[in-house]
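Engineer: Below you'll find the structure I mean.
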Amino acid sequence: MNRLISLEPSNLVTIRIEHGQKCHGKITLNNVMYTMPVAFRFQPLIKPRYSIKPQSGIIPPLEKLTVEIVYHLNPGSDVPDLFPYSNDSFLLHSVVVPGATAKDYSNSYDAVPNDWFTAKKKQVFTDSGIKVMFVGSAVLARLVAHGSMDEIRDVLEKSDSSWRAADSVDNEGNSLLHLAISQSRADLVQLILEFDPDVEAPSQLGYSPIEAAVESGEALIVELLLARKASTNRSANSTAGPIHLAARGGHMDVLRLLILKGADVDALTKDGNTALHLAVAEQRRDCVRLLLANGANPNVRDTFDGDAPLHVAAALGDEYLVKLLLQKGANKDVRNRVGRTAYDMAAENGHAKLFDALKLGDSLSLASRKGEVRTMLRLIEHGAAINGRDQHGWTALHRACFKGRVEAVRALLEKGVDVDAKDEDGYTALHCAVESGHADVIELVVKKGEADVEARTNKGVTPLQIAESFGYSGITRVLIQGGAIRDYKSNNNNKNNNNNDSDISKKMMIVSMEEDQGLKKKKKSRIIRGRAARGSFDRSTASVMV
């Protein structure tokens, strides 16, 4: 026999260090004797550091006794000088109780005579292999702050599962996950996640771990947390959710991850902004494109000022974002709480370059198709872009030629309009004039504007081919005199395509009907050969892929 008492769970005592609490651990002494009670004495080698209850006592045969070990921290310190492993050790003396007949062994606690463990006639067993390991929140927080991977794992494994050691916090209330994230340590985060921490536990500032990781742009950590079912919603105590923080910070990889995991692209911050508001405000163009491509609503107004993202972009003077928002369906006529439109915001901040996109371009288009030359010239003078395009690529010149407004065409040519600008299908203003049969406009565009009479649509159709297909003999002569060349081979190849080539005529008839009725928005249900009917010069109804 080499001992009278066995130790449970092992000879390692784990002492839990917690802020403002008693630092203690327990060890169980098990009397392995079948018939004899055993007396014990438990002593630390460095007595001022530890208190032991009970220090001595008698354990009945095959019974157990739990001993509490209390560690005394140095004043002003929240962890031991050496942690998690300690050089401190204890001595456990045990001896068979001499002639013991007592039945109430509880009266023996801390009352066993010391000479029982010193009498030469008795066989005293001494166990000097008992060691100490410090665990608990204070220790883990320090280890995570130092990035000690092996020691962190050891402490987490040695900690009682009922303590939920992985949810430990430092003295400022930050969880182990937050501490690891603050160091950009994905390896530490992965280690802590193995021990099933609360992935929604807020930091001192109210951020969840995923919100903290997103704000730092830590894509790998975000991915790890999402794999553990971390919520993509704004946490209760946070002012902004993960998708808002990603958009505001311009963290594209993180934003993609969140969207793939189903994050609500129109979710609101505490003060009522969407991710799109924040991305526009920070001029994160890639994030704006990504949000819009994934269904973000460009017309949501914040709950404070009532501003839509377009108001924000206009106030900043960001022409690219203004046009992008308009192409994605932003309503330029929406007013905020004080009644201002995006155009008003641009005007207040002196962003004249936005006037065309937000208002003047529409007015120039309207004036051009009505032939109101004075209005056109005034708009151009005040900043309307003469080559501004609608959602289909039509300029004011396309409109004027389509409607046969000779003086409007002349005014645009004198102001230097791009006479050969093409729309989304490759049609120039000359194509439009030929389709509409306005010979006087065609002659003006060809002679004065020096339009390219050989310009081809995306399907390879020239103005001359259109004129001949409609039997416009007079227009045909004007074009030939202007340098157009008959392409007989092309004509033969396109004989069976006359119906397709004349589709634009049908489309223009629809537009003409809409304009005569005063409609300014394109009719989505009227689609000719896969190409939308021409509506007004209104970018707000456009739709493009980002």
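The values are calculated or read from the model by the stated rules, or taken from the named source; none is laboratory data. The shown structure was predicted, so the numbers you read here are calculated from the model rather than taken from an experiment. Virtual Cβ from ideal backbone geometry, glycine too; neighbours counted across all protein chains shown. Just the protein is used for accessible areas: all its heavy atoms, side chains included, with ligands, DNA and RNA removed. Shrake-Rupley method; radii C 1.70, N 1.55, O 1.52, S 1.80 Å.
Engineer: Over the range 1-57, with the other protein chains present, what is the accessible area per residue in square angstrom, probe 1.4 angstrom?
Structural biologist: Values: 2920 Å² over 57 residues.
Accessible area per residue, the range 1-57: 51 Å².
Engineer: Quick check on my link table: of LYS323/LYS459; LYS26/LYS64; LYS328/LYS353, which ones sit more than 24 Å apart, alpha carbon to alpha carbon?
Structural biologist: On the way: LYS323/LYS459 28 Å; LYS26/LYS64 13 Å; LYS328/LYS353 20 Å.
Result: LYS323/LYS459 exceed 24 Å.
Engineer: So, one more: Above 47 Å lies some portion of the pair distances; for the chain, what is it as a whole percent of all C-alpha pairs? Working shown, then result.
Structural biologist: Details: 69277 of 148785 pairs.
The calculated P(r) of the chain puts 47 percent of pairs beyond 47 Å.
Engineer: Please give the net charge around LEU291, taking every other residue with its beta carbon less than 13 angstrom from that of LEU291, where Lys and Arg add +1 and Asp and Glu add -1. If you can, show how the numbers build up before the last one.
Structural biologist: Working: positive: ARG248, ARG256, ARG284, ARG285, ARG289, LYS328; negative: ASP264, ASP266, GLU282, ASP286.
That sum, taken over residues with Cβ under 13 Å, equals +2.
Engineer: Compute the length gained on full extension between ASN74 and LYS53: take 0.36 nm times their separation in residues and subtract their Cα-Cα distance, giving the result in nm to one decimal.
Structural biologist: Between ASN74 and LYS53, full extension yields 5.5 nm more.
Engineer: Amide H neighbours of GLY57 under 5 Å, counting only residues 5+ apart in sequence or on other chains, H built in-plane at 1.01 Å?
Structural biologist: PHE40, ASP110, VAL112
Engineer: Now for a different question. What percentage of the solvent-accessible surface of the chain, computed with a 1.4 Å probe over protein heavy atoms, is contributed by carbon and sulfur atoms?
Structural biologist: Working: 11700 of 25430 Å².
Answer for the chain: carbon and sulfur cover 46 percent of the accessible area.
Engineer: Modelled label-to-label distance, ARG285 and GLU407, 7 Å Cα→beta-carbon offset: nm?
Structural biologist: Going from the ARG285 label point to the GLU407 one covers 4.1 nm.
Engineer: In whole Å and largest first, what semi-axes does the C-alpha gyration tensor of the range 359-487 yield when each eigenvalue is scaled by 5 and square-rooted?
Structural biologist: Working: eigenvalues 125, 42, 25 Å².
Over the Cα atoms of the range 359-487, the semi-axes work out to 25, 14, 11 Å.
Engineer: Just add up the charged neighbours of ASN87: K/R +1, D/E -1, any other residue whose Cβ is under 12 Å from the Cβ of ASN87.
Structural biologist: 0
Engineer: Taking only DSSP H segments of four or more residues, each worth -39500 (n - 2.57), what value at 222 nm results for the chain once the sum is divided by all its residues, to the nearest 500 deg cm²/dmol? Working shown, then result.
Structural biologist: Values: 24 runs with 202 residues, N = 546.
Rounded to the nearest 500, the figure is -10000 deg cm²/dmol.
Engineer: Between beta-carbons, use under 12 Å as the cut-off and find the net charge around PRO113, counting Lys and Arg +1, Asp and Glu -1. Intermediate results must be reported in sequence, preceding the final value.
Structural biologist: Numbers: positive: ARG41, LYS122; negative: ASP110, ASP115.
Around PRO113, the surrounding residues sum to 0.
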